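This report refers to the structure that appears directly beneath it.
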Amino acid sequence: MTWTAPLVTRREFALDLSDRQALEAFISWHRQTLLWKVSGLTGEQLASRPVPTSNLSLLGIVRHMAEVERYWWRQRVAREDVASLYLDDDEWDRMDPERAAEDYQQLLDEWAEVDAVAQTYDLDHTFDRRGETWSIRTLYLHLIEEWARHNGHADLLREAIDGQTGE
């Protein structure tokens, strides 16, 4: 039986939130957006590269965002001794449609891990990234930008796969 990404409904959120609540809500909404974009597709569809001039795939974005969140929260902020999920941008190149369910679950599992880390730091906490001082607040904003950019890619890829478009 072929695995198909589960159907997902994005949850709206209030707009009169504290800074922390708003940052978390936007991250959550963008995460749900990616899951919404891949919902109903098979591993083969997720691994396909429907734009001939690009190596982007929806499965690559799923894998990349798991790596991005792990890198920032667990490796940079918490300084956990955890390996990267993919080496040398392998999240884009070495995809196996038969592992799509595992890659999807890895993304969900990573969110639980990074959310637990994020809760232990206040917005003004700082950390080092290659000699630059970042705050948790700045990290949230950076991740919102990263999510938004890749969700834009996901819009185009999904439309090329089956014609579905989103907002």
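A few comments on the model shown:
- Test: residue in segment 104-119 that is surrounded by fewer than 16 Cβ atoms within 10 Å (Cβ to Cβ) and not in a helix (DSSP H, G or I): yes
- Unique residue being over 28 Å from PHE127 (Cα atoms) and touching a Pro at 6+ places or on another chain (Cβ under 6 Å) when the list is ALA5, ALA47, ALA14, ALA101: ALA47
- Breaking point among (1) over 15 Å from the mean Cα position of the chain (by Cα); (2) in a helix (DSSP H, G or I), for PRO50: (2)
- Here the condition is being assigned to a helix (DSSP H, G or I) and modelled with pLDDT under 95; of GLU24, GLU91, it holds for GLU91 alone.
- Picking from residues in segment 20-38 that are touching a helix residue (DSSP H, G or I) at 6+ places or on another chain (Cβ under 7 Å) and more than 16 Å from ILE61 (Cα to Cα), the one that is surrounded by the most Cβ atoms within 10 Å (Cβ to Cβ) is LEU23.
- Which numbered condition ALA78 fails, given (1) closer than 19 Å to ALA148 by Cβ; (2) modelled with pLDDT of 95 or more: (1)
- Residue in segment 84-94 that is in contact (Cβ under 8 Å) with a residue 60 or more places away in the chain and either farther than 19 Å from SER39 by Cα or crowded, with 16+ Cβ neighbours inside 10 Å (or both) present: no
Residue-wise test of (1) of a type in the set (Asp, Glu); (2) over 16 Å from ARG31 (Cα atoms).
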site: MET65; (1), (2): no, no
site: GLU69; (1), (2): yes, no
site: TRP72; (1), (2): no, no
site: ALA78; (1), (2): no, yes
site: LEU123; (1), (2): no, yes
site: TYR140; (1), (2): no, no
site: ALA148; (1), (2): no, no
site: ASN151; (1), (2): no, no
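- The residues listed here are ARG79, ARG129, ARG94, ARG149; of these, the one that is under 26 Å from GLY40 (Cβ atoms) and more than 15 Å from the chain's Cα centre (by Cα) is ARG94.
- If the condition is being surrounded by 13 or more Cβ atoms within 10 Å (Cβ to Cβ) and part of a loop (DSSP other than H, G, I, E, B), then segment 1-19 contributes TRP3, ALA5, VAL8, ARG10, PHE13, LEU17.
The values are calculated or read from the model by the stated rules, or taken from the named source; none is laboratory data. What you see is a predicted model, and the numbers here were worked out from it, not measured in a lab. Counting neighbours? That spans all protein chains shown, and the Cβs are built from the backbone with ideal geometry, glycine included.
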